[in-house]
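Reviewing the structure listed below.
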Amino acid sequence: MDIRSISVSDARAIRQEVLKPGRPASEVVYPGDESELAQHLGAFDDDKLLAVATFLPEACPEDAHGSGAWRLRGMATRQAAQGRGLGSQLLSRGVERVSLQGATSVWCYGRTSARSFYERHGFVVSGNEFALPHTGPHYLFVRRGAGVGRQMQEHLNTAASEPIEIRALGARDVVVLRKMLDMFGRAFEDSPTYTASQPDDGYLRRLLESQTFVAVAALAGTGVVGGLAGYVLPKFEQARSEFYIYDLAVDEAHRRRGVATAMIQELQSLAAARGIYVIFVQADHGDDPAIALYTKLGVREDVLHFDIVPRKNAA
């Protein structure tokens, strides 16, 4: 699955199909749609557009004179693709993008039936329930503090000699993932493990498309200067998931600049969007910088780790 920018015409087509079937096309044309600031995002599977969402700078009704508010509109998923978490991914990526443009809040009018969805993503109800023509009962949902991402980006760009972009990788990022593997090999001083037998492009593409693998990259220009990779672990005792950070490293020339923190914060946003309830990571004794970072961001647990070799049954 790949989240990327789309044209306003593509966004309107899916809005019409999903949200306003049989209604006049004018009902899916929003003020500000064609503004240079408008963020139209789409979720693609093999270049097929399955879901859309639009983010527009617009004052929130609860604070009409405030600044920095962005409105979420027209989030829609084609019927055949519903239930795959596409709305969560679009919402997470959209909040990330508008944060980098200085957003201090994101708001929307959402259906009452979707209240739990918005609350899982950090939105709160503002005011009383009301009804909209043709669509039924709604609430005003507001997520405050969306500018944190921008503050971290500004910190990175101030500390670095060139801008650093933090983003989750999608199916079209096989080349970036290979650069991340090369960087891991250098950072861990273990290039044979990470470069000698890399999988083919098809394997890496399927991995990036899967719902159980996540890679986050820090990019300076076209180079990868930091990387995080890990796995979503669906649980059996409850209908929930954990996330295990398997590898995290920053190129030596870019350390002590907040890159690792920024990648973990990107993962935290993604995990919240997917309903993941905890992220965990291991650190080696003596790796003081890593221990200090994880202590700042989480709660420490001292456990013992054992590697058990698989055993083949005797013939």
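A few comments on the model shown:
- Förster-model FRET efficiency, 25 Å R0, Glu209 and Arg78, C-beta, rounded to 0.05: 0.90
- Given R0 = 30 Å, the distance between the Cβ atoms of Ala290 and Arg240 translates into a calculated FRET efficiency of 0.65.
- Label-to-label distance for Glu62 and Arg311 is 5.9 nm, based on points extended 7 Å past Cα in the beta-carbon direction.
- Highest average first, the peptides 185-191, 49-55, 80-86 ordered by how many other beta carbon atoms sit within 10 Å of their residues are 49-55, 80-86, 185-191.
- Over the chain, the hull volume per residue, using the convex hull of the C-alpha atoms, is 185 Å³.
- Kirkwood Rh in Å, taken over all unlike Cα pairs in the stretch 2-146: 15.4 Å
- Between Ser26 and Val303, the C-beta separation translates, for a Förster distance of 45 Å, into a calculated FRET efficiency of about 0.15.
- Helix 8-18 vs. the chain, principal-axis angle (Cα, 0 to 90°, nearest 10): 80 degrees
- The label-point distance for Ser5 and Arg186, in a model that sets each label 7 Å from Cα toward Cβ, rounds to 2.9 nm.
Bear in mind these aren't lab numbers, they're just calculated from the coordinates by the rules spelled out. Quick caveat, the model's predicted, so the values are computed rather than measured. Virtual Cβ from ideal backbone geometry, glycine too; neighbours counted across all protein chains shown.
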